[in-house]
């Protein structure tokens, strides 16, 4: 079971990486084609809030992995 769980987690992380990178490229492209004056302040704040929440979720995963037994065993 542990090997299967490790393989599943690896697949999930790789899928997340590809998805996040693809979405970042798409979002950047979209933002670059919108005149800044067309983005209402409320929308800008909402987008920033959503992006910060997404980053926060990723930070939790990174911290969990960093605090794992492998990280603790390293000098």
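Nothing in this text is a laboratory measurement; each read-out follows from the coordinates by a stated rule. Owing to the predicted nature of the structure, the values given are computational and were not obtained by experimental measurement. Backbone-built Cβ (ideal geometry, glycine too); neighbour counts: all protein chains shown.
Here is how the numbers come out for the structure above:
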read-out: Calculated [θ] (222 nm, deg cm²/dmol) that DSSP helices of n ≥ 4 give over the chain, each run adding -39,500 (n - 2.57); value: -28500 deg cm²/dmol
read-out: On Cα atoms only, tilt of 41-66 relative to the major axis of the chain in degrees; value: 10
read-out: Computed label-point distance, nm, for sites residue 9 and residue 26 using a 7 Å Cα→Cβ extension; value: 2.8
read-out: Candidate values (1) 51; (2) 72; (3) 83, label of the one derived for percent of Cα pairs over 15 Å apart; value: (2)
read-out: Linear extension gain, residue 53 paired with residue 38, 0.36 nm per residue minus alpha-carbon span; value: 3.0 nm
read-out: Cα long-axis angle, helix 2-32 against the chain (0 to 90 degrees, to the nearest 10); value: 10
read-out: Pairwise label distance in nanometres, residue 16 with residue 63, each label 7 Å out on the Cα-Cβ vector; value: 1.4
